[in-house]
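Report on one structure; see the data block that follows.
Read-outs throughout are calculated quantities, based only on the coordinates presented, and are distinct from any laboratory measurement. Since the model is a prediction, treat every value here as computed from it, not as a measurement. Cβ placement follows ideal geometry from the backbone for every residue including glycine, while neighbour counts extend to all protein chains displayed.
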């Protein structure tokens with residue numbers, strides 16, 4: 001059995017309370033990566049229109065790049081960072097996962113989000129804990145199942161992300177349809 005720490009490098013986010021904000025306009029301005037970005041990146045759409053917190057700092061902070069695998073220690077969800085979130089600052093609530101060459105990033109995300117064995121391991125490690133937050137240690141010690149060929153990993157990863165996007169688009173269409181029907185009903189009522 002291979003553990004995550006054997007095949008994946010983990011990079012913790014910047015501790016938010018240690019970031020010193022400055023008023024200097026020449027200092028870099030960073031946007032915080034949050035739960036809404038995780039959800040948007042997972043479905044490949046901008047669904048959550050949330051005004052993100054920003055900070056100006058001269059501190060060295062950890063940022064994400066397009067194509068990075070990011071795991072939320074809060075929700076236990078992993079995603080692939082899209083270009084629209086390039087350069088966002090990620091805090092200690094997130095961990096960047098850098099898999100070695102025999103693990104396809106989208107397949108890794110599929111495993112972390114959907115694999116029953118991995119979900120069970122994460123749940124077991126949370127038992128007895130008052131705060132439902134995962135730790136880097138728990139993530140490192142996860143036992144990975146036997147990996148299929150890289151071609152099969154690519155196929156499964158692509159299918160997974162396509163399905164999530166399709167589901168999000170269907171939900172958006174259903175919401176818009178409901179809005180239209182409700183407007184028509186309102187108009188009919190006032191005639």
Inset, instruction - Using only alpha carbon pairs under 8 Å that are at least six residues apart, calculate the relative contact order of segment 94-177 and give it in whole percent. - result: 39
Inset, instruction - Assuming a ≥ b ≥ c are the square roots of the Cα gyration tensor eigenvalues, decide whether segment 1-43 counts as rounded (a/c under 1.5), prolate (otherwise, with a/b larger than b/c) or oblate. - result: oblate
Legend entry - Relative contact order (percent, whole number), the chain, Cα cutoff 8 Å, 6+ residue spacing: 26
Inset, instruction - Divide by every residue of the chain the summed helix terms, -39500 (n - 2.57) for each DSSP H run of at least 4, and state the resulting mean residue ellipticity at 222 nm, rounded to the nearest 500 deg cm²/dmol. - result: -13500 deg cm²/dmol
Inset, instruction - Calculate the length of the line joining the C-alpha centroid of segment 142-191 to that of segment 1-32, in whole Å. - result: 30
Inset, instruction - Note down the relative contact order for segment 1-84 as a percent, whole number, built from C-alpha pairs under 8 angstrom at least six residues apart. - result: 30
Legend entry - FRET efficiency, residue 167 to residue 3 (Cβ-Cβ, R0 25 Å, nearest 0.05): 0.20
Legend entry - Neighbour-count order for 161, 90, fewest beta carbons within 10 angstrom listed first: 161, 90
